Structures are given as C-alpha cells and as structure tokens.
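Quick note: the coordinates plus some simple rules give every number you see, no bench work behind them. Quick caveat: nothing in here was measured; it's all calculated off a predicted structure. Cβ: placed from backbone, ideal geometry, glycine included. Neighbour counts: every protein chain shown.
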Amino acid sequence: MQASQQVYDSKKNKGFTIVEILIVLIIVGVLSAIILPMAGAFIEKSKDTTCIGNRKTIEKAYNLYRIGHSNPVTLTQFISDGATDSAEWADHMGKCPSGGIYTVSSDASGTKDIIVCSVHDKTETPAPTPTPGNIIPGTDKYGGSLGIPATDNWDACVTEHNIAFTEGQKFLYNGKFYVATETLPNIYYETNSDPSQNAWWTTKSAGGLVQVTDVSQTWDNVLNGDTFKRGDLLYYNGNYYVCMVDGNGGVFTVTKGQWYSSTPENRPDAWYKLVP
C-alpha cells in the first residue's frame, strides 16, 4: 500500500510535460488569431459609427445655430470655429475617434452641404482624370481646382422630339457647355433638339438647361450691385455655382454686405452648385 502511494505521489508532482505546454500554447495562439482581428474590426466599426453620429449631431447643432442668428457663418466656418458667434458651440462638437479631420462637401444630389471625415469617408476608387478639352470654362480658375468636366452624353439624352435630362448632368455640345439644373418634366421642350435653335427649354427662366458663358467670378471680388447673366459662374466657399435665372435675357443683381446677402446658400433659386 505504501509503495502504491509513492507511485501516485510521484505522478501527482510531475506537472505538465513539454508536449502538453506546447499544445496549450498552440491553442491559445489559434484562438488569438481568430479573436483579435474580430475585436479589431469591432473597434473600428464602433469608431466609424461614433464618427457618423458626431457629424450628424454637428449638422443638427448648425441648423439650430442658424435659427438663432440673422447672419450665420457657413458650415465650414462653423466646424472650424472660424467666427466669434460660433465659438459658443465649439465645446459641444464631437471629434472623430480615429483622428479624422472634418470638412464640408456636397451630398449626392449636390444640393445640400454635409460633413465628411478624412478617415471614414475615404474612397478606394481614384477620381477619374479629366479629359482635355471637356473642362467647363472657368471652373479651373479659383481654389486650385483642375476644373469640372462635362462628360455626359448629349446624343443619348437629346434626340428629335425627345429629351431625357437628369439634374446635374453636364454636356459639351458643338463647342458649348450646358448644365441641367433640374430633372424632367420641368425642362420645357418644343420640336427642335438643337439648342442653337433657341427651343423653349434652353431659355427657361430660373432653371432648365443652362448654357455656360465665359464669365467666372469669385465672391470675394463681387461688389454690391454687380450683375450676373444666366450661365455666368460664381466661385463661393470652395464651390462653383452657375447663375440659372432670367433665361430670357435678364440679369441677377447681387446684394452684398447685409444679412440677406445674395450668397448661393441664401439664393438657391438663383445659383446652382456644380458638382464634379
């Protein structure tokens, strides 16, 4: 009985073998390889969700801020605290948890300013290289831009007795540039598909198909009382806008220096934002 007890005690005190330890380490390594990437992906997803929530909160705060101010700053100035009357909101603005920088861009329709993040809004597809000769005149004049190309197919959208424009399309046709500032049926049309014939849909007041002129001006150089004709371009707050009013030969007069200043954001009926 005593000899049997000695054998049992010797086995009990022997501990783990090298093989057993290696097996445990392998199992731990396999589990780590599975769990750590999943945990990392979960953390990044959480940061992405937090970043989206922060930007939506800032946009809501900006809308509330605009309600209480007769001369509000732009969204770009607001998020960078670029003006005294937006400083009160600075402490309440969320930041990207991944260290991204917030800037202002346009939504898919080109009609609304949104906040984008340099980290979470990156695209894997590089922007297409503009084809020489199809850059809308004047859109490469300010802000270091390479210009906005007109790449839509005119012949596919305009045929005899039929048109199929979509808002935001940009065309180069017979050496002239055109921008569709709205979608059918609000673009009028008679019988001739050639815009040189002055069909009604090419001269419609306040919208329609706008022919771009050779005039391109920056808002900083515009004076109170300056006038713009239909098709003239304006560079404002990092974007180009085309004047789309008075299609029958009238002009649009700028009011500047007042709370009702005729900026593109205050007069969307007069200015249409061009989006590349």
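For the reader, a short list of remarks on this structure follows.
- Measuring between alpha carbons in the structure, the pairs from K56/K141; K176/K256; K56/K112; K141/K176; K112/K176 lying more than 22 angstrom apart are K56/K141; K176/K256; K112/K176.
- Under the simplified labelling scheme, the K56-V24 pair shows an inter-label distance of 4.7 nm, with each label point 7 Å from Cα along Cα→Cβ.
- Using a Förster distance of 25 Å, the FRET efficiency for L31-K95 (Cβ separation, nearest 0.05): 0.15
- Label-point gap, in nm, between T103 and N221 - each point 7 angstrom along Cα→Cβ: 2.3 nm
- Inter-label distance, nm, simple model (7 Å from Cα along the C-beta direction), L64/W154: 5.0 nm
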